[in-house]
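Reading through the structure tokens given below for one structure.
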Amino acid sequence: LKAICGTSTTPDVLARHGKDESYHPSVPPDVVAFPKSTADVSAVARLCHDRRVPLVPFGVGTSLEGHIQHPYGGVSLDLGSLDQMVSEFPDDMDCRAQAGMTRSAVNAALRHTGLEFTVDPGADATVGGMAACGASGTTAVRYGTMRDAVLGLTVVLADGSVIETGGRARKSSAGYDLTKLFVGSEGTLGIITEVALRLHPQPTAVAAATARFDDLDDAVAAVHAILLHGIPVARCELLDAPTLAAFNAYNKNDPAFRPQEVTPSLFLEFHGLSDAVLKEEADLALEACVDAGGRDVAWASDEAERHKLWAARHSTYYASCALKRDGKAIVTDACVPISKLAEVVRDTAADVEKMDVVGPIFGHAGDGNFHCILVYNDDDPPEYLERLHDVSARLIDRTLAAGGTCTGEHGVGSGKKKYVLRERGAAGVAAMAAVKHALDPQGIMNPGKVFDAPS
Amino acid sequence: MRKVLVGVKRVVDYAVRVRVSADKSGVELANTKMSMNPFCEIAVEEAIRLKEKGAAEEVVAVSIGPKQAQETLRSALAMGCDRAIHVQTDIRSDQGLNPLAIAQLLEKVVEKESPDLVIVGKQSIDGDHATTAPMLAELLGWSQATFAARLDVAADGASAEVERETDAGTEVVKLPLPAVISADLRLNTPRYPKLPNIMKAKKKPLEALEAADLGVDLAPTLVVTGVAPPPDRAAGVTVESVDDLVDKLKNEAAVI
């Protein structure tokens, strides 16, 4: 391995590469490799293939279901040195970035083009990691997810061979769509080293608004109404009262922070070609909110204020964990048809209250996706943890019964493997296993993730 | 003020991993992403804000460099400048064209344009000389305020107040206009243009002049004799004990 690239076996470095942002503990690799190019990645894959050593790609470690744990040891492939923009095509509104480039670095590189890469999962993840996990986030309601943003990939396969998927044409019917196969494959089918991204014009006019509701149901009804009006809202986020209480507590030492009202709320953002277009959309949306029982609508058109609003929204995970000392959380990620969102959220909130667990609820209501953050710490008694896990299990039952999915965007990793069989069925998982076996017959690519394939 | 002149330089993009050419004569520029110097972006932003506040009527951007410098000027136009001037030269702008020559060329542009204020970035991220602004002010016989963190132009347009960064903190200076100001990091956060403005910028006037025709001696007085990358970082050493650490800090690193 050392003949190919830099390596490390320092315990702290190993530990870092086995731990993501979730409650799943660190399960470290045997060695971390630091390739500098696709050629290096290919050589490492070939070596691991020849020696039957597990291989797990690593971006910045912001996954949420133990995606980068090494239950079978092996090599962690840190793609941080593959962090350059390969090419920019502003006239075609696309670009190609190396997998280790973070999304903020991509947008910094594009700053003079008037274009942006729109997928915003909150964390400053690498585009390779985002592609591997099919990342989504607050802008999906208007701009789609990574599945829509990725135009093509460079992938190193389990035997070290390098393929290019997709291309620069906006559409193609030439052969199987391998891009869509690798997006969301969580490193189990190949290692992504380059990502071609579809870009969007940075909106000319932007405005954000908050609306308050007395009832969580009313807030969800407002979301549904906004969508059914055909308003192209750019961000549509729901936050319940416990979330806002956590939020206020988390930010209380910031002198510039104004506490939010502790009541179910919607945070909305509108993008338009002009202020006039924006005003029309926003007026209609706020009318829908008020009709659903909303009140106290406030605007944030100032760019700095908007950034603060969304930064605060993205801090809700940390704010929730901070509700307990050294808090950790099971992060649920239910996504249901929007017509079912109100009942699923209502029943979840009721269960959280009845079971007396800490479980703030917030999320991308515009996609029918919400996160109930189930918080615990090492001081909690085992029966609290049991109640917590029961709430989570019932949430998933409820979600699947409503025709939804147990993970809208965070992916399966290790944490949600057991639900994939329920959701996809035995034949579905068998089809996935057939693909896995074809592309990774030795089972060295991120083993133990997504589903348990026999190997 | 009637007119503000802003200098912008096309440099290697700040995010690019810079490589030294094989013959060690300079940094590899072929196939390397180039962008507007970050301090020049701040200078452009400040000039545009002056116009938006009504303190200036026209903002003119100028750049000295090869044909591709026109792309940098189009970015300045997209940010909101009204007109652009390209002083064309193929002499390498990172090390071949010296700050004195640049200042002398800018002096010629100032003579042509008669601006009330010149704003440039405090330094470029390739040469890092930070001498163009002071030399230009000297050549023009104008006041100067370098490392500007705040700029306020008086209502009558006859003077300006600048808060400048110093090693000990900041100092506030008042200077009569016309003057030369160099922009430092805290002066503002530049806006980035949206597509409609980028499209509009394509139609804004851009005048090209030949550097060789301006009566300035462009031959370098500073010559780069060699360029080398920094030495490779040596591997760290894990120490077993605090005593070991103290010993190494004292006897190997010689820092205590």
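Charge tally around A:Arg235: other residues with Cβ under 9 Å, Lys/Arg +1 each, Asp/Glu -1 each, net -1.
Building the convex hull from the alpha-carbon atoms of the stretch A:407-455 and averaging its projection over directions returns 3.3 nm². Take every DSSP beta bridge whose two residues both sit in the protein assembly as shown; close to 65 percent of them are antiparallel. With N counted as the residues of the stretch B:117-158, its alpha-carbon radius of gyration over 2.2 N^0.38 Å works out to 1.29.
Remark: relative contact order (chain B) = 24 percent; criterion is Cα-Cα distance under 8 angstrom and separation of 6 or more residues. Restricting the calculation to Cα atoms, every distinct pair contributes to the Kirkwood radius of the stretch A:368-455, found to be 14.9 Å.
Its relative contact order, with pairs defined as Cα atoms under 8 Å and 6+ residues apart, puts the stretch A:350-455 at 18 percent.
Here is the tail figure for the stretch B:80-205: Cα pairs spaced more than 26 Å apart come to 28 percent of all pairs. Phi-derived couplings, Karplus 6.51 cos²θ - 1.76 cosθ + 1.60 at θ = phi - 60°, listed residue by residue for the stretch B:143-148: 5, 9, 9, 9, 6, 5 Hz, with x used for Gly and Pro. Taking the longest Cα principal axis of chain B as reference, the axis of helix B:38-53 is set at about 30 degrees. For the stretch A:77-198, the convex hull drawn through the C-alpha positions has a volume of 103 cubic angstrom per residue. Beta bridges assigned by DSSP with both partners in the stretch B:1-143 are antiparallel in approximately 20 percent of cases. Backbone amide hydrogens, once placed in the peptide plane, bring B:Thr32 within less than 5 Å of nothing, excluding anything fewer than 5 places away on its chain. Semi-axis lengths, largest first, of the ellipsoid equivalent to the stretch A:253-308 are 22, 18, 7 Å, with √(5λ) applied to each eigenvalue of the Cα gyration tensor. Taking a ≥ b ≥ c as the square roots of the eigenvalues of the Cα gyration tensor, the stretch B:1-95 is classed as prolate, since a/c reaches at least 1.5 and a/b is larger than b/c.
According to the Cα-based calculation, Rg over Rh for the stretch B:45-90 is 1.04, with Rh computed by the Kirkwood formula. Over the Cα atoms of chain B, the radius of gyration divided by the Kirkwood radius equals 1.07; this is the Rg/Rh ratio.
How much FRET efficiency would the formula 1/(1 + (r/R0)^6) give for B:Lys33 and A:Asp214, where r is the Cβ-Cβ distance and R0 is 45 Å, rounded to 0.05? So the FRET efficiency works out to roughly 0.30. Scaling against 2.2 N^0.38 Å puts the C-alpha radius of gyration of the stretch A:17-135 at 1.14. log10 I(q)/I(0), Debye, Cα-only the stretch A:215-333, no solvent, q = 0.10, 0.23 Å⁻¹? Log10 of I(q)/I(0), two decimals: -0.34, -1.39.
Put simply, the C-alpha atoms of the stretch A:184-278 give a gyration tensor, and the ellipsoid matching it has half-axes of 29, 22, 17 Å, longest first. The mean of 1/r over all pairs of different alpha-carbon atoms in the protein assembly as shown, once inverted, gives a Kirkwood hydrodynamic radius of 28.5 Å. Taking amide hydrogens as placed 1.01 Å from N in the peptide plane, the amide H of A:Leu115 sits under 5 Å from those of A:Gln202, each at least 5 positions away in sequence or on another chain. Each listed q (0.20 Å⁻¹) maps to a log10 I(q)/I(0) for the stretch A:292-418, found by the Debye formula over equal Cα scatterers with no solvent: -1.21. Phi angles of the stretch B:158-173 translate, via the Karplus equation with coefficients 6.51, -1.76, 1.60 and θ = phi - 60°, into HN-Hα couplings of 9, 8, 9, 10, 10, 9, 10, 6, 10, 5, 9, x, 9, 9, 10, 10 Hz per residue; Gly and Pro are given as x.
Using C-alpha pairs under 8 Å with a sequence gap of at least 6, the mean separation divided by the residue count of chain A gives a relative contact order of 16 percent.
Sort out for me the Cα centre separation of the stretch B:14-35 from the stretch B:143-186, rounded to whole Å. When both Cα centres are located, 34 Å separates them. Other residues lying with their Cβ under 13 Å from the Cβ of B:Gly127 contribute a combined charge of +1, Lys and Arg counting +1, Asp and Glu -1.
When both bridge partners sit in chain B, DSSP labels roughly 40% of those beta bridges antiparallel.
Taken over the C-alpha atoms, the stretch B:167-217 has Rg and Dmax values of 18.2, 46 angstrom. Kindly provide log₁₀ I(q)/I(0) values, in the same order as q = 0.10, 0.12 Å⁻¹, from the Debye equation applied to equal alpha-carbon scatterers of the stretch B:135-256. Debye curve over Cα of the stretch B:135-256, log10 I(q)/I(0) at q = 0.10, 0.12 Å⁻¹: -0.74, -0.90. Rounded to the nearest whole Hz, the Karplus-based 3J(HN,Hα) values (6.51 cos²θ - 1.76 cosθ + 1.60, θ = phi - 60°) of the stretch B:201-217 follow the sequence 4, 4, 9, 6, x, 10, 9, 10, 10, 8, 4, 5, 8, 8, x, 10, 6, with x at glycine and proline. Near the amide H of B:Leu177, under 5 Å away, which other amide H atoms are found, from residues 5 or more places off or on another chain, if H is placed in the peptide plane? Amide H neighbours of B:Leu177, under 5 Å, 5+ apart: B:Ser159, B:Ala160.
Readers should treat all values here as calculations from the given coordinates under stated rules, not as data from a laboratory. None of these values were measured; they are calculated from a predicted model. All Cβ positions, even for glycine, are placed from backbone atoms using ideal geometry, and neighbour counts span all protein chains on display.
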